[in-house]
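The values are calculated or read from the model by the stated rules, or taken from the named source; none is laboratory data. Worth saying up front: this structure is predicted, and the values here are computed from it rather than measured. All Cβ positions, even for glycine, are placed from backbone atoms using ideal geometry, and neighbour counts span all protein chains on display. Side chains included, ligands, DNA and RNA excluded: accessible areas come from the protein's heavy atoms. Shrake-Rupley method; radii C 1.70, N 1.55, O 1.52, S 1.80 Å.
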Amino acid sequence: MKFIPLKNDGTLDLKAAQELCTRKTKILSVMHVSNVLGTINPVKELMALAHDRGALGIIDGAQSVPHLPVDVKELNCDFLFFSGHKLLGPSGIGVLYGKTKHLETMEPFLFGGDMIKEVSLTGASWNDVPWKFEAGTPNITGVIGLGAAIDYLSALGRDAVAQHGKELVGYARQELAKIPGIKLYGPEEGTAVVSFSIKSIPPHDVAALLDREGLAVRAGNHCAMPLLSKLGVPGTVRASFSVYNTPEDVDVLVAGIKKVQEVFRQ
Amino acid sequence: MNEVQKMAEKQEAGMNTGLQEEVHFSDDLYREHILDHFKNPRNFGELANCTLRHKEQNPLCGDEMEIMLKIDGQQAQEKKLVDIRFQGQGCAISMAAASLLSEHIKGKSIEDVKNVQPEEMLGLLGVQVGVVRRKCALLALKTVHKALEE
Ligand SMILES: Cc1ncc(COP(=O)(O)O)c(C=O)c1O
């Protein structure tokens, strides 16, 4: 396994990727949007790179599908997946997209009802795609909930949602940067999240005190310890934005952080 | 009201108390003495010629705690903790807890140190710690006990 290195601004080093991805590479897997830095990775180019080397290209869309218009055909990815719960949908459900030609050649990983065409005592044949991979009684409520969430976001307009996220993150970065003692991570041009740390106040304490102000942020390693080690910090505080957030929420966050600093100054 | 309704009501009442406790604790969590121990930790740093040394982590928060103990005495019942230092990084709660604990157990017999209960540790902090931060509050005590097990 090889890793595409990060440049100092939090973007992927594409030159290095060109060299790391060789004819021996089987899979190039990349996250579309970083859940820590908000970086939007150039996945279309990376998929092209993978295909040029004869590799499969896989995209983690958990953070991009909720915030950006994503077209699997345009990106030309072999697989893409995302979670329902980051898309205003229920937990316990997500989507795995795969090109039909791959799905048809793949063996089922689960056995159960509906994934079978014919069964005898000595053998069985698999149902067609996608049923081949949908063994057992499905998560019906989850499917309906996820469908409703997707319809809701689509009605708002995927471009409008993306624009809203971009503006909020831009405004948040601009306002947060004015606070003395704050350090922002990730590139200026990101979406969905802003990671930061505050001088002399551990991230979990920032989060606990912001919680008191009614502000829900996440603190810690964000399931990305290698990245945090690379940044050289024992965790960050992360504010995430969605369609229901407003610029006023950013102002409340800024005021909240100032209060946190007040408490620690005592 | 039937039995099921009564039970539901009871449960709801129970939940409400839980919520109030949570609010009470968060108001107090960053009291002055905790912040003081965080900013000016006692017994912080390296302890040369220590008898025991142990490191623990709290991966959820990224807390890291290393405790060094100096123990004197030959017979088991005479053994005493004569010095203690800790170092590491973590949230204010875990660091303040380590500082408070180090003052509390320095000079005690090893038997007494082994018998320090979680509730006693929380008592040193003097604030209600919610379930989420309990791990932070108890990390130092856990590290000391692990060191003594070895
Ligand atoms: C980029 C990214 N990928 C994957 C996941 C995991 O998704 P799930 O919790 O649905 O397994 C997350 C967050 O949890 C994420 O942010």
Going through the range A:8-17 one residue at a time, which ones are open to solvent by 100 Å² or more (accessible area, probe 1.4 Å) and either under 17 Å from A:E45 (Cβ atoms) or not assigned by TED's automatic domain parsing to the domain that holds A:A55 (or both)? A:K15
Those residues of the range B:42-58 which are surrounded by fewer than 18 Cβ atoms within 10 Å (Cβ to Cβ) and within 16 Å of the chain's Cα centre (by Cα) amount to B:R42, B:F44, B:K55, B:Q57
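Considering only residues of the range A:167-196 that are in a strand (DSSP E or B) and of a type outside the set (S, T, Y), which is nearest to A:P69 (Cα to Cα)?
Ranking the qualifying residues of the range A:167-196, first place goes to A:G190.
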Residue check, A:K26 of a type outside the set (F, W, Y), open to solvent by 10 Å² or more (accessible area, probe 1.4 Å), over 13 Å from A:D78 (Cβ atoms) and away from the ligand (no atom under 16 Å from the Cβ): no
Residues of the range B:125-147 being modelled with pLDDT of 95 or more and away from chain A (no Cβ under 14 Å), which ones? B:L138, B:A140, B:L141, B:K142, B:T143, B:V144, B:H145, B:K146, B:A147
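If you scan the range A:30-64, which residues turn out to be assigned to a loop (DSSP other than H, G, I, E, B) and more than 10 Å from the ligand (Cβ to nearest atom)? Step through it out loud before you land on a result.
At the first step, the residues of the range A:30-64 found to be assigned to a loop (DSSP other than H, G, I, E, B) are A:32, A:34-38, A:41-42, A:53-55, A:61-64.
Result: A:L37, A:G38, A:N41, A:P42, A:R53, A:G54, A:A55.
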Residue tally, condition surrounded by fewer than 22 Cβ atoms within 10 Å (Cβ to Cβ) and under 17 Å from B:D63 (Cα atoms), over the range A:205-218: 1
Counting residues that are open to solvent by less than 10 Å² (accessible area, probe 1.4 Å), which helices (runs of 4 or more DSSP H) fully inside the range B:61-143 reach at least 3? B:92-105
Contacts under 8 angstrom Cβ, first residue in the range B:124-150 being among the hydroxyl-bearing types (S, T, Y), partner open to solvent by 70 Å² or more (accessible area, probe 1.4 Å), 6 or more apart: B:T143/B:K55
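Taking only the range A:67-86 into account, find how many residues are more than 10 Å from the ligand (Cβ to nearest atom) and either under 16 Å from the mean Cα position of the chain (by Cα) or of a type outside the set (S, T, N, Q) (or both). Walk me through how you get there before you give the answer.
Within the range A:67-86, the subset more than 10 Å from the ligand (Cβ to nearest atom) is A:67-80.
Going one step further and asking which of them are either under 16 Å from the mean Cα position of the chain (by Cα) or of a type outside the set (S, T, N, Q) (or both), we end up with A:67-75, A:77-80.
Matching residues across the range A:67-86 total 13.
Going by the structure shown, is A:K199 of a type outside the set (V, I, T) and either assigned by TED's automatic domain parsing to the domain that holds A:G38 or surrounded by 12 or more Cβ atoms within 10 Å (Cβ to Cβ) (or both)?
Numbers: of a type outside the set (V, I, T): yes; either assigned by TED's automatic domain parsing to the domain that holds A:G38 or surrounded by 12 or more Cβ atoms within 10 Å (Cβ to Cβ) (or both): no.
It is false that A:K199 is of a type outside the set (V, I, T) and either assigned by TED's automatic domain parsing to the domain that holds A:G38 or surrounded by 12 or more Cβ atoms within 10 Å (Cβ to Cβ) (or both).
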Could you tell me which numbered condition A:H164 fails, if it satisfies all but one of (1) buried (at least 17 other Cβ atoms within 10 Å of the Cβ); (2) within 13 Å of another protein chain (Cβ to nearest Cβ)? (2)
